[in-house]
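Student: Below is the structure I would like to discuss, written out as structure tokens.
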Amino acid sequence: MSATTETPHTSEAQGMAIKAKTQRQLVVRRFFRHRGAMVGMVLFALVFALAFSSIGFGPLPGWWKHSYDVTGTVIAGGRPTLTVWPFSLGEHPFGQDNLGKDYFALVMRGAQISIIVAVMIGLVSTLIGTVIGALAGYFRGRVETLLMRFTDVMITIPTLVIAAVVGMIAGNLGPYFLAAMLGVITWTGVARLVRGEFLSLREKEFVEAARAVGTPAKRIIFKHILPNCLGVIIVSATLAISSGILLESGLSFLGFGVKFPDTSLGVLINEYRSAMTVRPWLFWWPGIFIIAIALSVNFIGDGLRDAFDPRQNRVRG
């Protein structure tokens, strides 16, 4: 029986009914009381909704009238038409690029690709890191030695260097393949965290009891130990997504990431970095969205970390 199995119950104290809360309920309550996490969730939801609803995605149409891949006549030097008071988007709220493309549509497309790539990096790296860390932490011995020495070798290689090599090879194959390959090389931190959790949990009484009755190792790992590591894994995945968008933006800025005809926020910054002094909006808009996405995901990760922290044993009223 796993240590995470809890059943809420009601007890009487001084004539008052007190309903106990499960660990899941306590985690959820602590998370929703974390102001930074709530700000991050709202900010990320706004950016996500704006990016995917404005220009549409795949077969789904958007509400914005311009397309990111259609050129046009540059109007008024391509200056932004967005006004805060009175609020108005105008014809080209973020301005136009050198070819007359609507820059709002371009930034939204860049945000879509950057978010998708970052999420894929986070999921792939978390999956690989969890499997390697779980095997190393549970089986110990030669398995742990082999897997952790391989992990140490991967850690010694600068991430940006190996990511640039991967980007050169996989960049032309599309953003999704690039994201998967970047996830394959960024799992080391998750693996070490999961291994540490497994080393601690494998010595607990409920694991010893499961082994004593002949429970297979596969069932012990996935049914008994892994559910108790979900907090660490979820937090690691969230922070991996935040690191993923910065990694993708950095690679695209250097020319090793997403390739034409597609775009990303890092690609837009790279293309228009020379225009910072004459048309700074072409540089600042994608930069603002990178910061907004990375900060919001980091805030969510901080909230999850505090919610899962076992030392947070008191729920504030």
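The values are calculated or read from the model by the stated rules, or taken from the named source; none is laboratory data. Not measured: the values here are computed from a predicted model. Reconstructed Cβ throughout: ideal geometry from the backbone, glycine too, with neighbour counts over all protein chains shown. These accessible areas exclude ligands, DNA and RNA; they are computed on the full protein's heavy atoms, side chains included. Shrake-Rupley method; radii C 1.70, N 1.55, O 1.52, S 1.80 Å.
Student: All but one of (1) of a type outside the set (Val, Ile, Thr); (2) surrounded by 24 or more Cβ atoms within 10 Å (Cβ to Cβ); (3) free of Cβ contacts under 8 Å to residues at least 40 places away in the same chain hold for Ser274; which doesn't?
Tutor: Condition not satisfied by Ser274: (2).
Student: Pick from region 248-269 the residues that are open to solvent by 40 Å² or more (accessible area, probe 1.4 Å) and out of contact with any Asp or Glu (no Cβ under 8 Å at 6 or more places or on another chain): which of them is modelled with the lowest pLDDT?
Tutor: Looking at the filtered set, the residue picked out is Phe260.
Student: In contact (Cβ under 8 Å) with a residue 60 or more places away in the chain, closer than 18 Å to Asn270 by Cβ, buried (at least 24 other Cβ atoms within 10 Å of the Cβ) and among the hydroxyl-bearing types (Ser, Thr, Tyr), is that true of Ser125?
Tutor: Against the criterion (in contact (Cβ under 8 Å) with a residue 60 or more places away in the chain, closer than 18 Å to Asn270 by Cβ, buried (at least 24 other Cβ atoms within 10 Å of the Cβ) and among the hydroxyl-bearing types (Ser, Thr, Tyr)), Ser125 does not qualify.
Student: Only one of (1) surrounded by fewer than 19 Cβ atoms within 10 Å (Cβ to Cβ); (2) farther than 30 Å from Tyr176 by Cα fails for Phe222. Which number is that?
Tutor: Here Phe222 meets the rest and fails (2).
Student: Restricting to region 134-160, give me the number of residues that are among the β-branched types (Val, Ile, Thr), in a helix (DSSP H, G or I) and within 13 Å of Thr186 (Cβ to Cβ).
Tutor: Going through region 134-160 one residue at a time, the tally reaches 3.
Student: Continuing with the same structure: Just a yes or no: is a residue in region 169-185 open to solvent by 30 Å² or more (accessible area, probe 1.4 Å), outside any loop (DSSP other than H, G, I, E, B), touching a Phe, Trp or Tyr at 6+ places or on another chain (Cβ under 8 Å) and in contact (Cβ under 8 Å) with a residue 12 or more places away in the chain?
Tutor: no
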